[in-house]
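Working notes, structure below.
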Amino acid sequence: MSDVSIIETIPVKRKSYTAVIGFAGAGFIGNTALMYVVRTKNYKQIGHIKSLQVAPMMLFVEGEPYSSFRIYIDDEGERLYVITENLISAEGSWPITYKLIDWFQNKGVKDIIAVEGLPFGNLPANVKVVGYSTDKEKMNNIGISPLREGAVSGLYASMMEECINRKIPWTILFIQTMK
């Protein structure tokens, strides 16, 4: 096995997709929110990521085993969801990022949206989500306030940096985890 493999259990055709990613992080918000969407909509798992950089872990959902680093597709075939419950080490972030972004580009992903927790509670009461996007106009159009101060680390940070370097549109939404 190479260091990182993306195993397609159902072939993914090249077309224009939006990738939505939710990784284990602050409060496990990103992966929990996306898993909720995937399960309530009954989206189909189309693949998983296997890597020596990811600690071995299997999930049991309704009595069935699942990889801890999964890829789903929505019913319209427009959005790919990449979700993991594994905390990825600093050493593992870059190899996974390179492989995943290469795969995204090969499949035609045009935009990446990340969902992450914001582990501090100093937002105004009426603000539930803040974000950052390489497309500032998009943030204004959907009414998301820009993140003024904060940090992103691990897999989110390496993905963000690589998207910026490759000029792939990147948006990260931070959902407050504490009040």
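The values are calculated or read from the model by the stated rules, or taken from the named source; none is laboratory data. Source: prediction; values computed, not measured. All Cβ positions, glycine included, derive from the backbone under ideal geometry; neighbour counts span all protein chains shown. With ligands, DNA and RNA removed, areas are computed over all heavy atoms of the protein, side chains included. Shrake-Rupley method; radii C 1.70, N 1.55, O 1.52, S 1.80 Å.
Per-residue answers, yes or no, for (1) open to solvent by 20 Å² or more (accessible area, probe 1.4 Å); (2) of a type in the set (Gly, Ala, Ser); (3) within 26 Å of Lys15 (Cα to Cα); (4) modelled with pLDDT under 85:
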site: Leu100; (1), (2), (3), (4): no, no, yes, no
site: Lys110; (1), (2), (3), (4): yes, no, yes, no
site: Val127; (1), (2), (3), (4): yes, no, no, yes
site: Tyr132; (1), (2), (3), (4): yes, no, yes, no
site: Asn140; (1), (2), (3), (4): yes, no, no, yes
site: Ala151; (1), (2), (3), (4): yes, yes, no, yes
site: Ile172; (1), (2), (3), (4): no, no, yes, no
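Taking the criterion of being touching a helix residue (DSSP H, G or I) at 6+ places or on another chain (Cβ under 7 Å) and either of a type in the set (Asp, Glu) or open to solvent by less than 10 Å² (accessible area, probe 1.4 Å) (or both), the residues of segment 83-98 that qualify are Ile83, Thr84, Glu85, Ser93, Ile96, Thr97. Here Tyr66 passes the criteria (1) open to solvent by 80 Å² or more (accessible area, probe 1.4 Å); (2) touching a strand residue (DSSP E or B) at 6+ places or on another chain (Cβ under 9 Å); (3) among the hydroxyl-bearing types (Ser, Thr, Tyr) except the one numbered (1). Restricting attention to segment 150-175, the residues being more than 15 Å from Thr97 (Cα to Cα) and hydrophobic (A, V, I, L, M, F, W, C) number 5.
Only helices (runs of 4 or more DSSP H) whose full extent lies in segment 67-169 are considered here, and the ones with at least 2 residues that are touching a residue at least 40 places away in the same chain (Cβ under 8 Å) are 90-107, 154-166.
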